[in-house]
1. So which residues in segment A:1-29 are under 16 Å from B:Val57 (Cβ atoms) and of a type outside the set (A, V, I, L, M, F, W, C)?
2. Among the residues of segment B:77-95, count how many are within 12 Å of the chain's Cα centre (by Cα) and under 22 Å from A:Trp104 (Cα atoms).
3. Would you mind stating whether A:Thr39 is among the β-branched types (Val, Ile, Thr), open to solvent by 40 Å² or more (accessible area, probe 1.4 Å) and more than 11 Å from chain B (Cβ to nearest Cβ)?
4. Could we say that B:Arg29 is of a type outside the set (Gly, Ala, Ser), more than 7 Å from chain A (Cβ to nearest Cβ) and open to solvent by 30 Å² or more (accessible area, probe 1.4 Å) here?
5. Looking at A:Ala63, A:Ala74, which one is under 26 Å from B:Leu60 (Cβ atoms), touching a strand residue (DSSP E or B) at 6+ places or on another chain (Cβ under 6 Å) and hydrophobic (A, V, I, L, M, F, W, C)?
6. Which one is most open to solvent (accessible area, probe 1.4 Å), of the residues in segment B:96-113 that are farther than 24 Å from A:Leu60 by Cα and in contact with a strand residue (DSSP E or B) (Cβ under 8 Å, 6 or more places away or on another chain)?
7. Give the number of residues within segment B:99-113 that are outside any loop (DSSP other than H, G, I, E, B) and more than 12 Å from chain A (Cβ to nearest Cβ).
8. Taking the residues in segment A:42-62 that are of a type in the set (A, V, I, L, M, F, W, C) and closer than 23 Å to B:Ala106 by Cα as candidates, determine which candidate is most open to solvent (accessible area, probe 1.4 Å).
Number of protein chains: 2
Amino acid sequence: MLPPTANLFADLPPLGRPDEEVRDLLAGRAVRIERIVSTGQASPPGFWYDQPWDEWVVLLAGAARLRVAGETEARLLGPGDHLLIPAHARHRVEWTDPETPSIWLAVHCRPEP
Amino acid sequence: MLPPTANLFADLPPLGRPDEEVRDLLAGRAVRIERIVSTGQASPPGFWYDQPWDEWVVLLAGAARLRVAGETEARLLGPGDHLLIPAHARHRVEWTDPETPSIWLAVHCRPEP
């Protein structure tokens, strides 16, 4: 028996909550898939993500500005925009739209041994 | 240097082409990510997918009917609907909407050794 179908755009957190909401959609293997819903949050000043796994990420709704270390300008992302962030490529979320949920799908890939 | 941002909803194939369009977005590792665009295609009569890798799949636009072997009814999928199809769970696409592109994102996971 397969699990039932679920919906990526259902059951969104309300605007104005203090934190992003992160849900595992698939876990416990060489790939982890997360839904992240941002409602205006950004990375704290001076904070950079530095992750041990490669991350393929797509923004499916909303808007965000992503800063990648070494790039001269932040990337403005809209629905459908995707990129691969290799392990240890430092990056931060400078801004997400406070007026509408920004829905990310992140696929984290364990490095090959 | 990271590759540039690309867009999942851009550069869609025209309606009326004979085949689905399949593009690798990420390949060559324990996970393969594909964008599949269906424009009315379905699996041939009697054909069932029987895949060696687990597949997590989400429909992002359009509409489709997915049949899973052993289930009494096909699953009608709309935007955001996602499910995990374990390796060797036989399934087929019974129908996709011919009037609008159906955009799938498929994440194929190599089985753990």
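The values are calculated or read from the model by the stated rules, or taken from the named source; none is laboratory data. These numbers were taken from a predicted model, which means no experiment stands behind them. Counting neighbours? That spans all protein chains shown, and the Cβs are built from the backbone with ideal geometry, glycine included. Keep in mind that these areas ignore ligands, DNA and RNA; they rest on the heavy atoms of the full protein, side chains included. Shrake-Rupley method; radii C 1.70, N 1.55, O 1.52, S 1.80 Å.
1. First, pick out the residues of segment A:1-29 that are under 16 Å from B:Val57 (Cβ atoms): A:2-9, A:25-26, A:29.
The answer is A:Pro3, A:Pro4, A:Thr5, A:Asn7, A:Arg29.
2. 6
3. Details: among the β-branched types (Val, Ile, Thr): yes; open to solvent by 40 Å² or more (accessible area, probe 1.4 Å): no; more than 11 Å from chain B (Cβ to nearest Cβ): yes.
Against the criterion (among the β-branched types (Val, Ile, Thr), open to solvent by 40 Å² or more (accessible area, probe 1.4 Å) and more than 11 Å from chain B (Cβ to nearest Cβ)), A:Thr39 does not qualify.
4. Numbers: of a type outside the set (Gly, Ala, Ser): yes; more than 7 Å from chain A (Cβ to nearest Cβ): no; open to solvent by 30 Å² or more (accessible area, probe 1.4 Å): yes.
Considered against the rule, which asks whether it is of a type outside the set (Gly, Ala, Ser), more than 7 Å from chain A (Cβ to nearest Cβ) and open to solvent by 30 Å² or more (accessible area, probe 1.4 Å), B:Arg29 comes out as no.
5. Working: A:Ala63 fails: touching a strand residue (DSSP E or B) at 6+ places or on another chain (Cβ under 6 Å).
Selected residue: A:Ala74, the only one of A:Ala63, A:Ala74 that is under 26 Å from B:Leu60 (Cβ atoms), touching a strand residue (DSSP E or B) at 6+ places or on another chain (Cβ under 6 Å) and hydrophobic (A, V, I, L, M, F, W, C).
6. At the first step, the residues of segment B:96-113 found to be farther than 24 Å from A:Leu60 by Cα are B:110-113.
After this cut, where a residue has to be in contact with a strand residue (DSSP E or B) (Cβ under 8 Å, 6 or more places away or on another chain) as well, the list is B:110-111.
Details: B:Arg110: 98, B:Pro111: 69 Å².
Ranking the qualifying residues of segment B:96-113, first place goes to B:Arg110.
7. Taking segment B:99-113 and keeping what is outside any loop (DSSP other than H, G, I, E, B), we get B:102-109.
Next cut, more than 12 Å from chain A (Cβ to nearest Cβ) only: B:102, B:104.
So the count comes out to 2.
8. Here is the first cut: in segment A:42-62, the residues of a type in the set (A, V, I, L, M, F, W, C) are A:42, A:47-48, A:53, A:56-61.
Among the residues that remain, those that are also closer than 23 Å to B:Ala106 by Cα are: A:53, A:56-61.
Details: A:Trp53: 60, A:Trp56: 4, A:Val57: 9, A:Val58: 0, A:Leu59: 0, A:Leu60: 13, A:Ala61: 26 Å².
So, considering only residues that are of a type in the set (A, V, I, L, M, F, W, C) and closer than 23 Å to B:Ala106 by Cα, the one most open to solvent (accessible area, probe 1.4 Å) is A:Trp53.
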